Structure formats: structure tokens, C-alpha cells
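Heads up, the thing below is written out as C-alpha cells.
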Amino acid sequence: MSARFRLGLIINPFAGIGGSVALKGSDGAEIREQALAMGAEPLAQTRTEQALLRLQPYRDQLEVFTVTGTMGEELSKQLGFKTHTVYQPLQSPTEASDTRAAAEQLVNAQVDLILFAGGDGTARDICAALEACDAEHTTVLGIPAGCKIHSGVYCVTPAAAGRVVEDLITGKPVSLMDADVMDIDEAAFREGRVRAKRFGEMAIPAELQYVQSVKVGGQESDELVLDAIADHVIDELEPDDLCLMGSGSTVAAVMERLGLDNTLLGVDLIQDETLVASDQTAAQLLEQIEAHNDIDSVKLVITLIGGQGHLFGRGNQQLSPALLKQIKRENILVVATKAKLSSLNGRPLIADTGDAELNQQLCGTIAVITGYHDKVLYRVASPG
């Protein structure tokens, strides 16, 4: 008989508890207690059961390594799986530290996959644990049970998670991919503001029909993507960089992330996360960069006109040919959401600077920042 599949299981028993009572999250003991006082019922057990029911026909081929009590042991035994406990929580109710400690113990137990139920906070805890024990290549998979499910490590439904594990148990070839771990600021979220950030990545089975992508639609998701783009741009800027911030709402998101006033239809200058000058003319911009002591550290953040694709020549005439010729092409940071690029229906970005030679120099493919550590290559062409 072949060796049994060793499934690691962690359930965050309070995941999503604040959702039904409009608390928009469950991070922190205070929110959890408030949710329970308001009559919220934990649903993580039910959602994990929906995933594990798919695996019951394979009980003879499967062993579950898990945590005592409601973090996995109770449900695993209830469903008839051969169950081993590798960790006992240090407190009741359990805390995020128990999730991290349990993940480390599952790594030590050499499980084939860590299946966990929770939200983005749980994914962050698992990710942190794997990093702490130098086990970033451990394969994981999330069962969506939280209020916030922005991370790409989660399946689209609990049942889909069961399908992926079933494929692994039955020996179907399943590729691996690295997926982003994202989370938002719950306090800001409760005030109607989405502040998302990428915290790392984890290896997951690459069954794309069952695994979700980072959200890209709707107002909340648009804000999530714009914040991710802004975080990447900010990471790329060095304190000595003199950065020209072009016009448009995508660039404005970077300025907002920095807490700086922005000229939506103009060009601003920043350095070391400080606003140097607002709404500059072509002559003023040229004067500013010529006075800068290192032309190699001059950068430009620019977006395209949605639906048209113009990078230069529409709405940003302040970026004159004389100015652009002094900025290294690799220092032009193009930012756009994938939805904005998709609206072009394959048409290239347009460089219409008014200088034919410069237009040709700008042609070719350029990296477009579409998220945090997420870029796509897109073609740039000259007009005509």
C-alpha cells in the first residue's frame, strides 16, 4: 500500500465572526468579543466541513495532522479521519500566536499540504510562521472563511478547496505557483477606506479554476489594486530620487498613499516622500531637473489615458521632449490597473511627444506596474 497523504489542518475558529454583525472583520480580541456579544455565530467549522466532506471517500489514504479542539481535531475526528494532534493552544480562546505555532509544528511533522480555514489575517499568520522556520516552499491552501479574502492563497469556495486536495490525494498532476498574501487595515475598512498591502507569498497548488485571483473588480477592489500599485512605486523610490508625478487618478493614488497634495491634471515634484513643487510648467520642470545633482536619479511616474492608451502627448504636455530626453527610459515608471490595460483591447500605448525621433526611442515594450511586485510587459508605439 502506498504511503498515506499527510494533510495538515488549521482552523481559525473565529474567522469571519464579525461579518454577519457588520463589524467588517474579526482581528483582535475586542472585536471578537463584541461580535459574540452581538450574537454572531462562528462559521469556520462549517466551511471547513464543506471542504473535508469531499475527502471522506479517501479516509484510508489520508491522515490529518492538526491542533486540539476547535482548531481542527474535533472536526477531523467527527468526520472519521485518522487524526494526529501536533499542537495544543496555549490559551482559550485561541489567538493568532496559536495559528503561527501550529503552522510551525505542521512543518516539523512534514505534512504534504497545510490546509487552513480563515481570512487574510490567518494567511498572514501562516506566512509569517513559514518564514520564521525557513519553510517558505511548504505548500498551503486556504479555505475562505474570513470577512477579508483578498489573498491569492484561497480557493474560490470551501468545496473547491476539497476538490484541489482530492486531486493531490488521487495523484493527479498538479502544478505549483506562488500566490500573494494580502491584508487590509480593518480600522480603515470600517471607515470605508480600503488600505491593502502585500505581506508575502506562499506556494499553492495551481488549480486556477478553483483558486481565486487577487480582486480586480468593483470599487473596493479598484482601491485595493491602486493601493498595491502605490506601495510598489513607493518601494522603488530612493530618498535621493527627484520624482515627477504625472497626471491621472492612478498616479494620484500614489500621492494619496504618501499623504501628499496632488494636482490631478498637472505634474508635481516629490523627493524623499515630500512635496517639492506643485503643478509645474514645462519650463519649470526642465529647470528643476537640470538643477538636480544626479540626472540618473530623476524618475517619472506616469499612467495612460484609459481607452486611448496615450502615455505622452495627451493631457501631460508639461512633459516636453527636452525634458523626456534627459530621463532614462528605465526610470519611467508606468502605472495602470490590468482593467485599464484590458480596455485597450490589445492596442499599443502611444508616445506622441511631438518629436518623431524621441517617439521612436520610446517605442518597444515597457514594464507596466499593475500591482505590488506585479508587472506586465506592454507594447509602446509612435502615432500614425
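Computed from the Kirkwood radius of its Cα pairs, the Stokes-Einstein diffusion coefficient for the range 60-168 at 20 °C and 1.002 mPa s stands at 151 µm²/s.
Taking the three principal axes of the alpha carbon atoms in the range 116-170, the coordinate ranges are 30, 29, 14 Å, sorted in descending order.
On a per residue basis, the convex hull of the C-alpha atoms belonging to the range 217-313 measures out at 101 Å³. Taking amide H as placed 1.01 Å from N in the peptide plane, the amide H of LEU333 sits under 5 Å from that of LEU300, VAL301, ILE302, each at least 5 places away or on another chain. Amide H contacts of LEU242: VAL298, LYS299, each under 5 Å away and 5 or more positions distant or on a separate chain (H built 1.01 Å from N in the peptide plane; Pro and chain starts excluded). If each of SER342 and THR170 carries a label point 7 Å out from its Cα toward its Cβ, how far apart are those two points in nm? In this crude spin-label approximation the distance works out to 3.1 nm. Taking only the C-alpha atoms of the range 221-381, the Rg (one decimal) and the largest Cα-Cα distance, Dmax (whole number), read 14.4, 42 Å.
Quote the FRET efficiency, to the nearest 0.05, computed for GLN91 versus ALA291 with a Förster distance R0 of 56 Å and r equal to the Cβ-Cβ distance. Write out the running numbers ahead of the final one.
Details: r = 60 Å, r/R0 = 1.06.
Efficiency computed from Cβ-Cβ geometry: 0.40.
Can you work out the PRE-style zone for GLU131? Point 7 Å along Cα to Cβ, and I want the residues of the range 233-255 with backbone N under 20 Å. So the set is 233-237.
Extension gain, ASP178-GLU273: 0.36 nm per intervening residue step, less the Cα-Cα distance, totals 31.1 nm. Which pairs in the list LYS172/LYS338; LYS197/LYS325; LYS299/LYS338; LYS172/LYS197 are over 28 Å apart, alpha-carbon to alpha-carbon? Pairs exceeding the cut-off: LYS172/LYS338; LYS197/LYS325; LYS172/LYS197.
If each residue's Cβ is checked for other Cβ atoms within 10 Å, how do GLU238, GLU273 rank with the fewest at the top? Mind showing how you got there, number by number?
Values: GLU238 10, GLU273 13.
Ascending number of Cβ neighbours within 10 Å: GLU238, GLU273.
Where a number appears in this text, it was derived from the coordinates with a stated rule and is not lab data. Note that the coordinates shown come from a computational prediction; the quantities given were computed from them, not determined experimentally. So basically every Cβ, Gly included, is an ideal-geometry build from the backbone, and we count neighbours across all protein chains shown.
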